[in-house]
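Just below is one structure, and these are the notes that go with it.
The values are calculated or read from the model by the stated rules, or taken from the named source; none is laboratory data. Source: prediction; values computed, not measured. Neighbour counts are summed over all protein chains in view; Cβ atoms, including those assigned to glycine, are modelled from backbone coordinates with ideal geometry. Heavy atoms of the whole protein, side chains included, go into the accessibility calculation; ligands, DNA and RNA do not. Shrake-Rupley method; radii C 1.70, N 1.55, O 1.52, S 1.80 Å.
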Amino acid sequence: MKRSLDELAVLGGTPAFGEPLHVGRPNLGDRDLLLNRIGDILDSRWLTNSGRFLREFEDRVASVTGARRAVAVANATLGLQLTAKALGVTGRVAVPSFTFIGSVTAFSWIGIEPVFIDIEASNHVISPTDLSAALEQHEVGAIVGVHLWGHECDTDALERIAADHGVPLILDAAHAFGTTHRGRPTGTSGRAEVFSFHATKFVNSFEGGVITTDDDALADELELLRNFGFAGYDLVESGGINAKMSEVSAAMGLTSIEAMDRFIAHNRHIYEVYRGALGDLPGVRLVGHDAVDDQCNFQYIVLELADGSAIDRDELARVLWAENVFVRKYFAPGCHRAAPFADLDHRALPHTDDATRRVLCLPTGTALSEQEALAISSIIRLCLENANALRGGLDRAAASRSSGSLDRR
Ligand SMILES: *Cc1c(COP(=O)(O)O)cnc(C)c1O
């Protein structure tokens with residue numbers, strides 16, 4: 001454990017960790033089970049196109065989410081696109097800016113531009129109040145909610161607003177597999193919910209996504225769209241595309257779901273370790289995963305830095321990177337300020353702008369130990385409890401670097 005500022009790597013000390021620690025290092029299920037399944041796939045020579053493991057994986061996702069139907073696809077981005085196509089969405093979509101860029105580019109790539117909506121300050125999900133305000137000014141073809149950090153958005157309010165405006169509600173549930181909201185599993189709200197099983201998500205199928213819905217007709221259409229629109233050997237019924245998940249991915253997804261309870265238990269423990277170590281530290285807030293009637297999958301540890309400290313979020317991130325702790329500034333600078341959308345006129349998004357300046361995601365997952373979480377916490381505490389002195393140290397280090405570069409000229 002580092003006890004004084006001069007031990008920090010950014011000020012010339014040795015990095016606290018020899019190996020880099022990451023946010024979203026993949027969780028792995030039972031290796032032998034997976035390899036046996038891959039052996040079965042090779043033996044059967046059924047590698048993709050609705051094979052046995054795809055159907056088993058879809059059944060498991062349906063049972064975890066409580067949805068009638070689950071349609072597996074190559075990734076969540078294609079899942080969002082297929083959903084928009086199947087629902088006939090055109091024009092623009094209302095979507096939060098404080099989300100992974102793929103929530104928005106999935107739509108803009110098929111010609112559906114965003115109307116950006118602000119978030120709730122407390123848990124960073126889309127604000128129904130701001131959504132209503134936006135819809136007074138802008139016409140949209142759909143509303144997209146994102147269950148950020150595995151916190152379900154206020155789906156009741158969003159469904160009411162969607163019904164009032166006669167547009168479908170689509171949910172980007174990429175962060176929310178295995179979560180519940182008001183006692184119900186996430187996966188049956190809106191017209192459809194789209195989960196990601198990308199390697200960095202807490203349950204993964206290498207790459208993958210699943211669309212869940214209670215609407216049989218919609219699910220049937222999605223199954224056509226993901227396979228070029230083929231309804232039989234030679235019969236093309238819809239203008240589809242290739243969005244299929246392979247059998248190896250489905251086998252990985254299945255194996256990963258079987259280990260899900262272990263992943264959640266580990267993540268919850270790491271969350272509690274961080275909370276114990278940082279909960280009382282002035283100047284930071286750990287975004288809570290403790291809502292009484294909601295269950296989270298604890299896949300993100302989200303720290304928010306307050307104003308008034310001598311060091312800001314970017315400087316704290318730089319200090320931690322030097323220690324080999326690859327914290328992430330999700331989702332700075334906000335999609336509305338990212339290159340594809342920065343030139344569009346956008347609405348004022350004060351809570352989004354605020355969150356993009358303050359949020360830091362810390363490493364977690366089964367590859368991270370309790371000791372590592374404690375060591376990361378102690379570095380954060382050291383920095384924030386000695387922020388003025390650290391500020392001086394960083395300034396002196398920068399000054400000596402620039403005079404050094406002058407000398408070398
Ligand atoms: C990861 C992610 C996506 C994209 O998922 P892919 O399966 O990688 O296409 C979309 N939205 C959010 C919020 C995500 O975190």
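Only one of Arg69, Arg3 is open to solvent by 20 Å² or more (accessible area, probe 1.4 Å), within 19 Å of Glu221 (Cβ to Cβ), in contact (Cβ under 8 Å) with a residue 24 or more places away in the chain and charged (D, E, K, R). Can you tell me which?
Numbers: Arg3 fails: within 19 Å of Glu221 (Cβ to Cβ).
Step by step, each of Arg69, Arg3 is checked, and only Arg69 is open to solvent by 20 Å² or more (accessible area, probe 1.4 Å), within 19 Å of Glu221 (Cβ to Cβ), in contact (Cβ under 8 Å) with a residue 24 or more places away in the chain and charged (D, E, K, R).
For the range 140-153, indicate whether the set of residues that are within 16 Å of the ligand (Cβ to nearest atom), open to solvent by 10 Å² or more (accessible area, probe 1.4 Å) and in contact with an Asp or Glu (Cβ under 8 Å, 6 or more places away or on another chain) is non-empty. Walk me through how you get there before you give the answer.
So in the range 140-153, the residues within 16 Å of the ligand (Cβ to nearest atom) come out as 142-153.
Still in the list and also open to solvent by 10 Å² or more (accessible area, probe 1.4 Å): 151-152.
Narrowing the set further to residues that are in contact with an Asp or Glu (Cβ under 8 Å, 6 or more places away or on another chain) leaves 151-152.
Yes: one or more hits.
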Which one is farthest from Ala355 (Cα to Cα) among residues in the range 117-161 that are outside any helix (DSSP H, G or I) and hydroxyl-bearing (Ser, Thr, Tyr)? Ser127
In the range 16-36, anything surrounded by fewer than 18 Cβ atoms within 10 Å (Cβ to Cβ) and not in a loop (DSSP other than H, G, I, E, B) is listed as Arg31, Asp32, Leu33, Leu35, Asn36
Could you tell me how many of the residues in the range 240-260 are farther than 21 Å from Glu56 by Cα and open to solvent by less than 80 Å² (accessible area, probe 1.4 Å)? 1
Taking first residues from the range 86-107 that are open to solvent by 10 Å² or more (accessible area, probe 1.4 Å) and assigned to a strand (DSSP E or B) and second residues anywhere that are charged (D, E, K, R) and at pLDDT 95 or above, the pairs with Cβ under 7 Å that are 6 or more apart or on different chains are Arg92/Glu113
What pairs come up if the first residue lies in the range 172-195 and is outside the structural domain of Ala70 (by TED's automatic domain parsing) and modelled with pLDDT of 95 or more, the second is within 14 Å of the ligand (Cβ to nearest atom) and open to solvent by less than 10 Å² (accessible area, probe 1.4 Å), and their beta carbons are under 9 Å apart, counting only those six or more places apart or on different chains? none
How about the range 175-218: which of its residues are of a type in the set (Asp, Glu), in contact with a strand residue (DSSP E or B) (Cβ under 8 Å, 6 or more places away or on another chain) and either within 13 Å of the ligand (Cβ to nearest atom) or on the phi > 0 side of the Ramachandran plot (or both)? Glu193
Can we say Gly13 is outside any loop (DSSP other than H, G, I, E, B), farther than 30 Å from Ala173 by Cα and among the small types (Gly, Ala, Ser)? no
